[in-house]
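Chemist: Sharing a structure with you now.
The values are calculated or read from the model by the stated rules, or taken from the named source; none is laboratory data. Please read all numbers here as calculations on a predicted model, not as lab measurements. Counting neighbours? That spans all protein chains shown, and the Cβs are built from the backbone with ideal geometry, glycine included.
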Amino acid sequence: MKKNKGVMTRKSYKRKKEINKVWVKVKKVLIIFFIGFMCGLVYSNLFIGSDLIAKAETNESKEVIQIDQEEEKSLKSQKNAELESLEEIEELSNKCTLDEVSCKIKEVAEIYGIDWRLAVAISIHETGRYTSVAFNEKNNVGGNFRNGSLMVFEDLDKGIDFFISNLKNNYIDMGLNTIETIQPKYAPVGATNDPDNLNSRWVNGVYKYYKELGGK
């Protein structure tokens, strides 16, 4: 008996059904695989992206730190330059512009804490601007006497130190701190060691040099 090709037998139907089931399973596997692949791709992109962002942020932080360090170095250099300039200005402002002897008297007077202009003015007057015999031969900068004779000092520094210390201890500290109050004791008019009566011009002479030095 001949089989009808157009009619599906029970056996062929069963096989087709099994094939369809397998194909459905295959499609499910393919879909799951595709979804997994896509998820992996997305995750990979996210991970790479976040890693790149992190690296970029790290590099940016390093650049910011480097810039901050450079700015800090620049500020330090600028401050050091400003300090050096201030020190130079201060040094120049404190630098003595007088003659060598007057500068030494000024320095010692400042150490003793007395008006250096007053000390220098008295010394210039007493020594005739450092030209007297007492100054050149005895290192006596203040016309200081002892037992009726001009005092002699070993060197100029000792002469200056005695002059300043005597002026401070025996005059300034005792309230004799002006030219007028110092004169009667320092250079009294009519003194036996002043036969030419030079002491009568002492106040005006000292004042002249005191004003030249900027005193008032």
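Chemist: Identify, please: which residue in the stretch 126-168 is of a type in the set (K, R) and farther than 18 Å from G205 by Cα and is, among those, surrounded by the fewest Cβ atoms within 10 Å (Cβ to Cβ)?
Modeler: R146
Chemist: Can you spot a residue in the stretch 82-94 that is within 22 Å of Y209 (Cβ to Cβ) and modelled with pLDDT under 95?
Modeler: The answer is yes; a qualifying residue exists.
Chemist: Among the numbered criteria (1) modelled with pLDDT under 95; (2) closer than 15 Å to G142 by Cα, which single criterion is violated by V203?
Modeler: Among (1) modelled with pLDDT under 95; (2) closer than 15 Å to G142 by Cα, the lone unmet condition for V203 is (1).
Each row is one residue, and each column tells you yes or no for (1) in contact with a Cys (Cβ under 8 Å, 6 or more places away or on another chain); (2) loosely packed, with under 13 Cβ neighbours inside 10 Å; (3) in a helix (DSSP H, G or I).
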{"residue": "L176", "(1), (2), (3)": "no, no, no"}
{"residue": "T181", "(1), (2), (3)": "no, no, yes"}
{"residue": "P184", "(1), (2), (3)": "no, no, yes"}
{"residue": "G190", "(1), (2), (3)": "no, yes, no"}
{"residue": "P195", "(1), (2), (3)": "no, yes, no"}
{"residue": "R201", "(1), (2), (3)": "no, no, yes"}
{"residue": "N204", "(1), (2), (3)": "no, yes, yes"}
{"residue": "Y210", "(1), (2), (3)": "no, no, yes"}
{"residue": "G214", "(1), (2), (3)": "no, yes, no"}
